[in-house]
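Structure first, commentary second.
The values are calculated or read from the model by the stated rules, or taken from the named source; none is laboratory data. Worth saying up front: this structure is predicted, and the values here are computed from it rather than measured. Glycine gets a Cβ as well: all are built from the backbone with ideal geometry, and neighbour counts include every protein chain shown.
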Amino acid sequence: MIRTALLALAVTAATPLAAQTPPAGPWGEPHLPPAPRSPVEAARIARVTAPTQSFDAAETYETHPAGAATKFAAPSRNAFSFPSANMGFAREMDFRLGNGLFKKLWVTAPASTRSSDGLGPLYNARACQRCHIKDGRGHPPSGSEDSGVSMLLRLSIPDTASDLPAETLAYLSNAPEPTYGLQLQDKSIAGLAAEGRIAISHTPVPVTLGDGTTVTLRQPQYTVVDPAHGPLHPDTQISPRIAPQMIGLGLIEAIPEADILAHADPQDRDGDGISGRPNVVWSTAHGQWMLGRFGLKAGSPSLREQSADAFSGDIGLSTALHPAAWGDCTEAQPLCRTAPDGALGAPDGLEVSDQVLDLVIFYSRNLAVPARRNPEDHRVLRGKALFYQAGCAACHRPKYVTHRLPDRPEQSFQLIWPYSDFLLHDMGAGLADNRPEWQATGREWRTPPLWGIGLTATVSGHTQFLHDGRAGSLLEAILWHGGEAEAAREAVRMMPAEDRDALILFLESL
Ligand code: HEC
Ligand code: HEC
């Protein structure tokens, strides 16, 4: 308790949070304390989660990427929208209510349906589902007419106000863009101007494969056009992001912090060219520093915080964590700060009550991961062997066993296969957004989980990958890998076509 109180005191001091050096971990996890593991159990888990050495047949339980929560169903557009398969009947009602709220279209205040108003004043979309379409990933705008709802631009400027002490220099910091805030909202309620529009141009980047084939990647450049309040600050850093898929998130939250930290190798002591650093972020909900797990740079420690941030930044709605009804309107946007809000008359003075937030979080925690389709197929197994040989598994870590969590039966003690280490990696200049976020540098991204990735075309009707959807196929996504992943990418670039196809088939089977 004393430690928490001291930290809380420290963060009210003038130094911006992101410029402070967080204490060494472990920090504590976003759920009630789990049942402890006995040494015997820990040893058994270590054996089960060790990378496999054998590729002759599928591993035991490999068909079940989410353990007992895995959903078996014929692939369809709804493949990402099922509840955890091990969910009891009584809890399915909450999942359905959460689904309704995730899809709900919020309206401008004041409206006759008081429980649905409070949208904006600035916003990116009127519902969670507008970006996380069919609970799958978003996409960049396909042309100048496309409003690009499932993508957003995070904004900031380097934080020059803070005098970074030497030991903190490694921890870069940033501050909101002074006028436009932390994110560009490209929509607004009637009578108020939207902040601007996203414009994207592309430069072709040809890559020649080992067999002479050329693949042309497209390097995007982002600008803000029609800025409502004049030009952005000259040092503005822009980070483009598409909405990620929503499956398996509760299981990610249930992975023991220690098991994620076990793979961190910030100084690359094992000399494999791959470091892997945890993002450590300030948790408003817990009042302490915590391991970042969610968001494309692991900038958020829990589904509660990520969801409350989304309500505030993306839809302009207040929650107990972000009580300002005006969302991301800055002091330089006074009209926006005084626009009517939906908190009037609400018993708790919030546009989104705790009860509504809890249901949305319950929904987000329980979107099931689909079963593997054909892990026994011999070409898929060949692709799996190549995945390990090329070094992909060094970051895309196959397996974990989740905590025993009495109050979260669906996530409790499951063998899961997300194919991620949930750590930050320098992915090279090509993928860099040059915008730091907590401990993440402008070149680092969190390894995304690969489960369900083979169903992207089925669910989302496109195959656009990476943080901003720039890759048009799985092969393009791999060819964009640089920095710590350069050796892995080169292995794929130089592969015979048959091996490359087998590797892609393996990814498509996830
Ligand atoms: C404007 C589009 C948009 C809207 C609307 C939106 N999101 Fe998101 N969502 C994103 C983007 C982009 C990210 C990645 C964020 C980052 O990297 O910081 C994300 C990330 C997330 C994540 C973390 C996923 C992961 O893999 O780490 C969760 C959970 C989430 N959103 C929930 C919600 C909820 C709940 C709502 C509604 C209250 C919502 N989102 C509304 C675009 C959106
Ligand atoms: C050094 C760590 C590292 C290695 C090694 C690595 N990856 Fe990745 N991978 C990442 C990161 C980080 C991203 C996200 C980059 C981004 O969005 O800009 C990513 C993204 C991806 C994506 C796109 C995922 C999505 O949701 O859009 C695929 C597919 C992928 N990797 C496959 C592979 C394969 C196959 C290999 C081996 C040839 C590999 N990766 C090696 C770290 C790594």
Tell me, which residue of the stretch 277-294 that is surrounded by fewer than 23 Cβ atoms within 10 Å (Cβ to Cβ) and of a type outside the set (D, E, K, R) is farthest from ligand 2 (Cβ to nearest atom)?
Gly287
Scan the stretch 439-455 and give yes if some residue there is touching a helix residue (DSSP H, G or I) at 6+ places or on another chain (Cβ under 8 Å), part of a loop (DSSP other than H, G, I, E, B) and more than 20 Å from Met246 (Cβ to Cβ), otherwise no.
yes
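Given the structure, is Gly118 closer than 19 Å to Pro244 by Cα and touching a Ser or Thr at 6+ places or on another chain (Cβ under 8 Å)? Explain how you work it out, then say what you get.
On the way: closer than 19 Å to Pro244 by Cα: no; touching a Ser or Thr at 6+ places or on another chain (Cβ under 8 Å): yes.
Against the criterion (closer than 19 Å to Pro244 by Cα and touching a Ser or Thr at 6+ places or on another chain (Cβ under 8 Å)), Gly118 does not qualify.
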Scanning for something small (Gly, Ala, Ser) and within 14 Å of ligand 1 (Cβ to nearest atom), does the stretch 409-422 turn up at least one residue?
yes
Could you tell me whether any residue of the stretch 118-136 is of a type in the set (S, T, N, Q) and more than 12 Å from ligand 1 (Cβ to nearest atom)?
no
Just one of the numbered conditions (1) more than 16 Å from ligand 2 (Cβ to nearest atom); (2) part of a loop (DSSP other than H, G, I, E, B); (3) over 25 Å from Val352 (Cα atoms) is not true of Phe55; which one?
(1)
Single unsatisfied condition, Ser412 versus (1) in contact with a Leu (Cβ under 6 Å, 6 or more places away or on another chain); (2) crowded, with 23+ Cβ neighbours inside 10 Å:
(2)
Condition first: under 26 Å from Arg493 (Cα atoms), crowded, with 21+ Cβ neighbours inside 10 Å and of a type in the set (Gly, Ala, Ser). Now tell me which residues in the stretch 360-389 satisfy that.
Gly383
Evaluation of Leu450 against (1) surrounded by fewer than 23 Cβ atoms within 10 Å (Cβ to Cβ); (2) at pLDDT below 95 (one fails), failing number
(2)
Tell me, yes or no, whether the stretch 421-434 has at least one residue that is surrounded by fewer than 21 Cβ atoms within 10 Å (Cβ to Cβ), touching a residue at least 12 places away in the same chain (Cβ under 8 Å), more than 9 Å from ligand 2 (Cβ to nearest atom) and assigned to a helix (DSSP H, G or I).
no
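What tally of residues in the stretch 122-154 results from selecting those that are in contact with a strand residue (DSSP E or B) (Cβ under 9 Å, 6 or more places away or on another chain), away from ligand 2 (no atom under 16 Å from the Cβ) and at pLDDT 95 or above?
Pass one, the stretch 122-154, residues in contact with a strand residue (DSSP E or B) (Cβ under 9 Å, 6 or more places away or on another chain): 122-126, 131, 135, 137-141, 144, 147-154.
Next, from what is left, pick out any that are away from ligand 2 (no atom under 16 Å from the Cβ): 122-126, 141, 144, 147-149.
From what is left, the residues that are at pLDDT 95 or above are 122-126.
Adding up the residues that qualify gives 5.
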Answer residue from the stretch 477-500, given it is in contact (Cβ under 8 Å) with a residue 24 or more places away in the chain and farther than 24 Å from Asp272 by Cβ and is farthest from ligand 1 (Cβ to nearest atom) among those
Pro496
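Taking the options Ala73, Ala79, name whichever one is buried (at least 17 other Cβ atoms within 10 Å of the Cβ), within 30 Å of Asn374 (Cβ to Cβ) and in contact with a strand residue (DSSP E or B) (Cβ under 8 Å, 6 or more places away or on another chain).
Details: Ala73 fails: buried (at least 17 other Cβ atoms within 10 Å of the Cβ).
Of Ala73, Ala79, the one residue that is buried (at least 17 other Cβ atoms within 10 Å of the Cβ), within 30 Å of Asn374 (Cβ to Cβ) and in contact with a strand residue (DSSP E or B) (Cβ under 8 Å, 6 or more places away or on another chain) is Ala79.
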Residue by residue through the stretch 216-237, note down the ones that are within 16 Å of ligand 2 (Cβ to nearest atom) and touching a Ser or Thr at 6+ places or on another chain (Cβ under 8 Å).
Arg218, Gln219, Pro220, Gln221, Gln237
Pick from the stretch 82-95, criterion within 16 Å of ligand 1 (Cβ to nearest atom) and within 23 Å of the chain's Cα centre (by Cα), ranking: surrounded by the most Cβ atoms within 10 Å (Cβ to Cβ):
Ser84
Of those in the stretch 94-113 that are among the basic types (Lys, Arg) and within 15 Å of Phe311 (Cβ to Cβ), the residue nearest to ligand 2 (Cβ to nearest atom) is Lys103
Scanning the stretch 43-70 for residues that are surrounded by 14 or more Cβ atoms within 10 Å (Cβ to Cβ) and out of contact with any Leu (no Cβ under 8 Å at 6 or more places or on another chain), which turns out nearest to Leu367 (Cα to Cα)?
Thr70
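May I ask you to verify whether Leu474 is out of contact with any Gly (no Cβ under 9 Å at 6 or more places or on another chain), of a type outside the set (D, E, K, R) and touching a residue at least 24 places away in the same chain (Cβ under 8 Å)?
Spelling it out, it is not the case that Leu474 is out of contact with any Gly (no Cβ under 9 Å at 6 or more places or on another chain), of a type outside the set (D, E, K, R) and touching a residue at least 24 places away in the same chain (Cβ under 8 Å).
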If only one of Asp117, Asp146 is among the acidic types (Asp, Glu), buried (at least 17 other Cβ atoms within 10 Å of the Cβ) and either in contact (Cβ under 8 Å) with a residue 12 or more places away in the chain or closer than 30 Å to Ser76 by Cβ (or both), which one is it?
Asp117
Does the stretch 362-371 include one or more residues that are assigned to a loop (DSSP other than H, G, I, E, B), under 19 Å from Pro65 (Cα atoms) and more than 16 Å from ligand 1 (Cβ to nearest atom)?
yes
